[in-house]
Amino acid sequence: MAKDRAQSEDFTGPLKRLLLGVVFLCLLGLFLLWRIDSPRVERFRAQVVDRVVPSFDWAMAPVTATVNILRDFQSYQRIYQQNQELRRELQQMKAWKEAALQLEQENARLLDLNNVQLDPRLTFVTGVVMADSGSPFRQSVLINVGSRDGIVDGWAAMDGLGLVGRISGVGNNTARVVLLTDTSSRIPVTIQPSGQRALLIGDNTAAPIVDFIEAPETVRPGDRVMTSGDGNVFPAGLLVGQLAQDPGGRMRVRLSADYERLEFLRVLRSYSNETIDHPGRLIAPEVLPETSGSPAPENTIGEAGDG
């Protein structure tokens, strides 16, 4: 058995070398044939291609599929890179958009605070919000204007669009603004377009309660809520917000003022409110006219003067 194996190995070794030599010579001849520039050889090459290539479509299918996969992978890499670049650009655009929105909102608030007057008779003082109460049981903020700027208790404070609250406590350089959401806040309002009068009551939530509506059936969510001016608490016509209904069916107000970003407040000067600083006087009774028989005092005086 060992001798037969050795003989087969001795036989296959030269055969392999012979086959490799033949293949090498064929490839070399094919290379030389393809390098020859002659019309006759060109026609021969065309005939060879016409006969050989169509019959080798099955053999070229894996190669073609592999080439297509490589091309698709390269295309996928390019698409992935472009997608990553677009994501980075989109993130940058979002950052720029956020910055632009903040600048636009700040610009709008400043323009409102400096250029808009709700009533020609009303003037205002603009203050910067310094701090809030920081308590869940009291809703108020401090602003950097006070008695030196002529601030008086009870004046209305707005953020440029909607009513925020009223002045309650004035120092020399600061003043405290009690917000509409505070539990001590009670202001009379008018609901438009029905014209119904009601009372806005703070309850330490972002949407104060609307109570004591004259005709509740005439109002609906989305109606505008304005100050009514009753009781000279606030000037009439100041925007408060829009009417809304909570899940329990109770009417509330979605405030127009942006309580999340109170940066500047506009304190409206209102000198039109009448103040009573003296007690009332009794009305004196009318003097009854004297009878015709009794002489008038001025006549008596006149006669005495003549005598």
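Quick notes on this structure:
- Other residues whose C-beta falls under 9 angstrom from the C-beta of L243 contribute a net charge of +3, scoring Lys and Arg +1 and Asp and Glu -1.
- Simple spin-label estimate for M130 and Q92 in nanometres, 7 Å along Cα-Cβ: 4.3 nm
- The distance between label points at T64 and L15 comes to 3.6 nm (points 7 Å beyond Cα on the Cα→Cβ vector).
- Spin-label model, D153/R254: points 7 Å from Cα along the beta carbon direction are separated by 3.6 nm.
- Sorted on the mean count of surrounding Cβ atoms within 10 Å across their residues, most packed first, peptides 234-246, 211-223 read 234-246, 211-223.
- Here the dipole of the range 124-268 is about 80 debye; that uses its Cα centre as origin and unit charges on the Cβ of Lys and Arg (positive) and Asp and Glu (negative).
- Net lengthening on full extension, R261/L103 (0.36 nm per residue, minus Cα-Cα): 55.6 nm
- Per residue, the Cα convex hull of the range 124-268 amounts to 99 Å³.
We did not get these values from a lab; they are worked out from the coordinates using the rules stated. Fair warning: this is a prediction, and the values are worked out from it, not measured in the lab. Here the Cβ is made from the backbone with ideal geometry for all residues, glycine too, and neighbour counts use every protein chain on show.
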